[in-house]
Amino acid sequence: GDCPKTFLIVDDEALNRFVLTSLLSTKKILCDEARDGREAIEMIVQRSIQYGDCACRNYTLIIMDYEMPRMNGPECCQSLNTLIQKGNLEPQKIVGHTAYTTEEDTTEFMSYGIVDILQKPVTLDKLQDGLQKWF
């Protein structure tokens with residue numbers, strides 16, 4: 001009953017999603033994709049309903065872009081936190097994915113409960129280091 005590792009890649013740019021899913025597939029990690037924060041929330045909630053009490057109901061990891069239309073990374077994290085506080089969702093493991101690396105931006109993003117920042121542009125090395133840290 002082990003769940004395959006499944007990540008949710010949240011990014012409005014198709015190329016960024018493609019690069020991440022391609023790199024992760026070499027590690028036998030499945031990926032779902034969302035184009036913005038709102039789509040991400042729908043998918044996270046949908047998955048948790050679909051799988052019910054099964055351990056697979058949460059994504060193994062969510063890689064969340066910062067800057068997106070409709071709903072950005074920090075806003076998405078805030079909305080997820082609200083759902084979690086209401087008991088509608090379990091805590092999610094989220095890594096921020098951004099080119100913004102000023103301490104201010106990083107601190108702000110981290111304050112929404114993300115576990116780490118994955119720098120853009122992503123490379124296999126950065127991703128491998130991350131995967132070792134996150135699991």
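Accessible surface of the chain, 1.4 Å probe: 50 percent of it comes from carbon and sulfur atoms. Distance between the modelled labels on Lys86 and Thr60, one decimal in nanometres: 3.0 nm (7 Å Cα→Cβ projection).
A crude spin-label estimate for the pair Glu42 and Gln128, with each label 7 Å from Cα along the Cβ direction, gives 3.7 nm. Straight-line reach from Lys133: taking Cα to Cα under 24 Å and skipping same-chain neighbours fewer than 8 places apart, the lysines in range are Lys5, Lys27, Lys28, Lys93, Lys120. Legend: residues Lys93, Lys28, Lys120, sorted from most to least accessible area (1.4 Å probe; ligands, DNA and RNA excluded), read Lys28, Lys93, Lys120.
Ordering Val115, Val45 from largest to smallest accessible area (1.4 angstrom probe), what's the sequence?
The residues order as Val115, Val45, largest area first.
Highest mobility in the GNM of the chain, judged by mean-square fluctuation with C-alpha springs under 10 Å and restricted to Gly113, Gly52, Gly96, is found for Gly52. Size descriptors for segment 17-96: radius of gyration and Dmax over Cα atoms are 12.6, 37 Å.
In units of 2.2 N^0.38 Å, what is the alpha-carbon radius of gyration of the chain?
Values: Rg = 13.9 Å, N = 135, 2.2 N^0.38 = 14.2 Å.
In units of the 2.2 N^0.38 Å rule of thumb, it is 0.98.
The values are calculated or read from the model by the stated rules, or taken from the named source; none is laboratory data. Everything quoted here is computed from the prediction, not taken from an experiment. So basically every Cβ, Gly included, is an ideal-geometry build from the backbone, and we count neighbours across all protein chains shown. Each accessible area value is taken on the protein alone, full model and side chains, heavy atoms only, with ligands, DNA and RNA left out. Shrake-Rupley method; radii C 1.70, N 1.55, O 1.52, S 1.80 Å.
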